[in-house]
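The values are calculated or read from the model by the stated rules, or taken from the named source; none is laboratory data. Remember, it's a predicted structure, so these values are computed and weren't measured experimentally. A quick note on method: Cβ atoms are made from the backbone with ideal geometry, for glycine too, and the neighbour counts reach across all protein chains shown.
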Amino acid sequence: MPQKLSNNLVGTSGEYYVCAELCRRGFLALLTPKNNPLFDVIATNSDGSKTVSIQVKTRSPQNKQGWKLGTDITKNQHNKNLFVVLVNLEDEGQLPEFYIYEYDILAENVTRQYVDYLSKRKRDGSERKDVGFRWHDTKNFNEDDEKRRDNWTPIITMLANPAVFCG
């Protein structure tokens with residue numbers, strides 16, 4: 001049985017996987033210094049004329065509850081160049097799944113799910129209390145979430161250099 005990874009290594013591996021996927025697609029992707037509060041990766045096109053910022057959240061194979069997110073994820077940033085990539089690490093030997101979101105779309109989805117969660121009573125009938133984090137779990141995914149799996153189009157479109165893609 002493989003050794004359980006620390007949370008730090010899980011997060012770092014997700015960031016490197018995102019960089020690798022973007023580089024594989026012809027973009028330059030770099031990690032930002034640790035503890036940057038809003039994003040983990042900067043990606044740019046080949047001539048540096050377009051840039052996006054990406055927050056990466058990684059789910060380990062042992063995590064069966066989904067991505068644990070801070071409450072700050074529910075605040076819209078109003079930045080069309082800001083994305084979140086949720087990385088789902090699979091069992092050993094498999095490549096991860098990526099779910100690519102525009103930041104504000106994920107913020108709205110997480111907020112909606114959390115409001116729904118709070119509106120339902122606990123099994124004992126008591127009301128749920130606010131907690132200091134949010135979950136985003138594949139068991140609650142809808143069709144839009146599923147379409148985001150390994151769909152890098154939103155980021156690629158932002159980074160596309162018309163001179164490269166026009167004949």
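Observations on the model:
- Residues that are in contact (Cβ under 8 Å) with a residue 24 or more places away in the chain and surrounded by 14 or more Cβ atoms within 10 Å (Cβ to Cβ) number at least 3 in the following strands (runs of 3 or more DSSP E) confined to region 6-104: 41-44, 51-59, 67-70, 82-88, 97-102.
- Any hit, region 27-37, residues being at pLDDT 95 or above and of a type in the set (D, E, K, R): no
- Qualifying residue in region 145-163 (condition: over 19 Å from the mean Cα position of the chain (by Cα), loosely packed, with under 13 Cβ neighbours inside 10 Å, over 23 Å from GLY26 (Cα atoms) and among the small types (Gly, Ala, Ser)): no
- Selected residue (criterion: nearest to LEU69 (Cα to Cα)) from residues of region 111-139 that are of a type in the set (Asp, Glu) and without any contact (Cβ under 8 Å) to a residue 12 or more places away in the chain: ASP116
- Residue selection: ASN45 fails the criterion of being out of contact with any Cys (no Cβ under 9 Å at 6 or more places or on another chain) and more than 24 Å from MET158 (Cβ to Cβ).
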